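Report on the following structure.
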Amino acid sequence: MVATTLRIYLALLILAFASTTCHADCFDAAAKVHHVSPTVLRAIAKVESGNDPRAVNRNRNGTVDLGMMQINSIHLRELKKYGVKRKDLMNECKNIYTGAWLLRRKMDAHGNNWKAVGAYHSETPKFRRQYAKLVEKQVDRMEAVRIMASN
């Protein structure tokens, strides 16, 4: 009985993270190119959009967050220099690569730490700390699923 309950629980956890693994190649490749953690990158996608590649959210300040990684439209001017247009951010892989690029920039500014992860969302200290904690909790959940799945 306990083994069956554990298997059901494990199956439900794996299903909860199934959409994360559907894009594994993009996450892994983008993480490798930009020298960031693929696990953190996946956790950011989960926190930002629930892994929804079609997510679009309008902000009170008039900007728009686009795609799975919720790339803010404030970055469009700079992204244009690299040939990335607004419509490109609705492409799953391009959005993930752009998210990895943005995370790398934050890591270059703040170091390879949770402050950089929080800065992906906001440079305001209070919001940066809150966001980093959300991502850290998501990383912990993902690691727990990985460990349970390997047993």
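With +1 on each Lys and Arg Cβ and -1 on each Asp and Glu Cβ, and nothing else charged, work out how big the dipole of the range 2-150 is about its Cα centre, in Debye to the nearest 20. Working shown, then result.
On the way: 25 positive and 13 negative charges, 99 e Å.
Dipole size: approximately 480 debye.
Starting with the fewest neighbours, write out 150, 49 ranked by other beta-carbon atoms found within 10 Å of each beta-carbon.
150, 49
Which of the lysines could a cross-linker bridge to residue 94, judged by Cα under 16 Å and excluding same-chain residues fewer than eight apart?
Partners found: 32, 80, 81, 85.
Using a 10 Å cut-off around each Cβ, can you sort 103, 134 from fewest to most neighbouring Cβ atoms? Walk me through the numbers on the way to the answer.
Values: 103 24, 134 17.
By the 10 Å Cβ count, ascending: 134, 103.
Over the Cα atoms of the range 2-150, how large are the radius of gyration and the largest Cα-Cα distance (Dmax), in Å?
15.8, 57
With a/c under 1.5 counting as rounded, go ahead and sort the range 82-151 into rounded, prolate or oblate using the C-alpha gyration tensor (a ≥ b ≥ c being the square roots of the eigenvalues; past the cut-off, prolate if a/b is larger than b/c, else oblate).
Since a/c reaches 1.5 but b/c is at least a/b, the shape of the range 82-151 is classed as oblate.
Kindly provide the trypsin sites (Lys or Arg not before Pro) of the range 20-115 that DSSP labels as loop, not H, G, I, E or B, and whose Cβ sees at most 15 other Cβ atoms within 10 Å.
Here the sparse-neighbourhood loop sites are 54, 60, 85.
Neighbouring Cβ atoms within 10 Å as the yardstick, rank 26, 93 fewest first.
93, 26
Here, each number is a calculation from the coordinates, and none is a lab measurement. It should be emphasised that the depicted structure is a prediction, and the values quoted were computed from it without experimental measurement. Neighbour counts run over all protein chains shown; Cβ positions are idealised from the backbone, glycine included.
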